[in-house]
Amino acid sequence: MPRLVALLVVCVAVGIASPAASAESSLANPPAGANNFRCRPARAHPDPVVLVHGLGATMSENWRYLSPLLAARGYCVFALTYGIDPRWRYFGGVIPIERSAPELGAFVRRVLAVTHARRVDLVGHSEGTFMPQYWLKFLGGAKFVNRYVAITPLYRGTTFYGLSTMRDSAPPPISRAITGWVAGYCGSCPEFLAGSPMVKKLTRGGAAARGIIYTTIPTRYDELVVPYTSGILGTGIRTNHVLQDVCPNDISEHVAEAFDPVVAQIVFNALDPRHARRVSCAGLPASQP
């Protein structure tokens, strides 16, 4: 997200026009360990793992830490860069999520076809916890997913330091004009704000898609998902691991969670609970007196 904010500022400064973006996904430059389309799932890990990056990132940037760790553990790992606007091809996830979601669906179908698996497990970060919900709930994706591990999720959107309140308190013509202007550069951005039509649609009847085993990993230090409790689901086939409840001294914020060994072990345990290992907090800063 910080990269995207900088991008928007630059676009305004140089006066880039805002033509309609077209949806396209990319398999270029996968992270290490990902997108071996000859991989066949082992009996120990029958579900391929599909990694879904966050806003403004690419699969290579977002998953360069976790992808090779999963592959080393015997998983068939796959990833894509989705939601590309042709005006800036190195920032994924910027088109509206209802247009990114079919890209994810097509990619999962390809993964299932080449691996001969029945279902996949999803691991998402940031927007990668939000956009797939549209595919799961409205495009028939739920039947293809077993487990869904969500890093810094925002099921109920983000207030982002009062932006959602400003949107709702401004006169409707001004609110619509500002929202439309932002959407011209980042079609997904207004959809993440708490109370948006998309947030309401995705959470109607409960945020979780039926039949999927969810594990969520929010952090109290999240500076982009505000409040961080937006990513906490109810009980049932859902497990919430607030990072600081696992390791109180872990200060990882929104971006850092994707590169955190504590988070990685929670992900491993969620994907393979029968062989779960104790999460170690060793090496973290000492608690303050």
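The values are calculated or read from the model by the stated rules, or taken from the named source; none is laboratory data. Being a predicted model, the structure only gives us computed values, none of them experimental. Glycine also receives a Cβ, built like all others from the backbone with ideal geometry; neighbour counts cover every protein chain displayed. Accessible surface areas use protein heavy atoms only, side chains included; no ligands, DNA or RNA. Shrake-Rupley method; radii C 1.70, N 1.55, O 1.52, S 1.80 Å.
The conditions are (1) open to solvent by 40 Å² or more (accessible area, probe 1.4 Å); (2) outside any loop (DSSP other than H, G, I, E, B); (3) within 15 Å of V149 (Cα to Cα); (4) not hydrophobic (A, V, I, L, M, F, W, C), and Y214 fails exactly one of them. Which is it?
Looking at each condition in turn, Y214 falls short on (1).
When you look at R156, is it more than 13 Å from the chain's Cα centre (by Cα), buried (at least 20 other Cβ atoms within 10 Å of the Cβ) and more than 24 Å from S67 (Cβ to Cβ), yes or no?
Criteria met by R156.
Go through the residues of segment 190-199 one by one and say whether even a single one is among the charged types (D, E, K, R), assigned to a loop (DSSP other than H, G, I, E, B) and touching a residue at least 12 places away in the same chain (Cβ under 8 Å).
No: segment 190-199 contains no residue that is among the charged types (D, E, K, R), assigned to a loop (DSSP other than H, G, I, E, B) and touching a residue at least 12 places away in the same chain (Cβ under 8 Å).
Among the residues of segment 259-268, which ones are open to solvent by less than 30 Å² (accessible area, probe 1.4 Å) and over 19 Å from Y155 (Cβ atoms)?
Listed by number, the residues that qualify are D260, V262, A264, F268.
Only one residue in G74, G92 is in a loop (DSSP other than H, G, I, E, B), under 12 Å from the mean Cα position of the chain (by Cα) and more than 22 Å from R238 (Cβ to Cβ), so which one is that?
Every option except G92 fails the conditions.
So T203 fits all but one of (1) under 27 Å from R89 (Cα atoms); (2) out of contact with any strand residue (DSSP E or B) (no Cβ under 9 Å at 6 or more places or on another chain); what number is the exception?
Among (1) under 27 Å from R89 (Cα atoms); (2) out of contact with any strand residue (DSSP E or B) (no Cβ under 9 Å at 6 or more places or on another chain), T203 violates only (1).
Residues in segment 228-245 that are closer than 16 Å to G157 by Cα, out of contact with any strand residue (DSSP E or B) (no Cβ under 7 Å at 6 or more places or on another chain) and surrounded by 15 or more Cβ atoms within 10 Å (Cβ to Cβ): how many?
Of the residues in segment 228-245, 1 are closer than 16 Å to G157 by Cα, out of contact with any strand residue (DSSP E or B) (no Cβ under 7 Å at 6 or more places or on another chain) and surrounded by 15 or more Cβ atoms within 10 Å (Cβ to Cβ).
Taking only segment 176-189 into account, find how many residues are in contact with a helix residue (DSSP H, G or I) (Cβ under 7 Å, 6 or more places away or on another chain) and either surrounded by fewer than 20 Cβ atoms within 10 Å (Cβ to Cβ) or in a helix (DSSP H, G or I) (or both).
Counting residues in segment 176-189 that are in contact with a helix residue (DSSP H, G or I) (Cβ under 7 Å, 6 or more places away or on another chain) and either surrounded by fewer than 20 Cβ atoms within 10 Å (Cβ to Cβ) or in a helix (DSSP H, G or I) (or both) gives 5.
Can you tell me how many residues within segment 268-280 are closer than 17 Å to I151 by Cβ and in contact with a helix residue (DSSP H, G or I) (Cβ under 7 Å, 6 or more places away or on another chain)?
Counting residues in segment 268-280 that are closer than 17 Å to I151 by Cβ and in contact with a helix residue (DSSP H, G or I) (Cβ under 7 Å, 6 or more places away or on another chain) gives 1.
Would you call V52 under 18 Å from V149 (Cα atoms), open to solvent by less than 30 Å² (accessible area, probe 1.4 Å) and not charged (D, E, K, R)?
yes
State whether the residues of segment 246-258 include one that is open to solvent by less than 60 Å² (accessible area, probe 1.4 Å), within 14 Å of V123 (Cβ to Cβ) and not acidic (D, E).
Yes, because at least one residue in segment 246-258 is open to solvent by less than 60 Å² (accessible area, probe 1.4 Å), within 14 Å of V123 (Cβ to Cβ) and not acidic (D, E).
Conditions: (1) more than 25 Å from E61 (Cβ to Cβ); (2) part of a loop (DSSP other than H, G, I, E, B). E253 meets all but one. Number of the miss?
The one condition E253 does not meet is (1).
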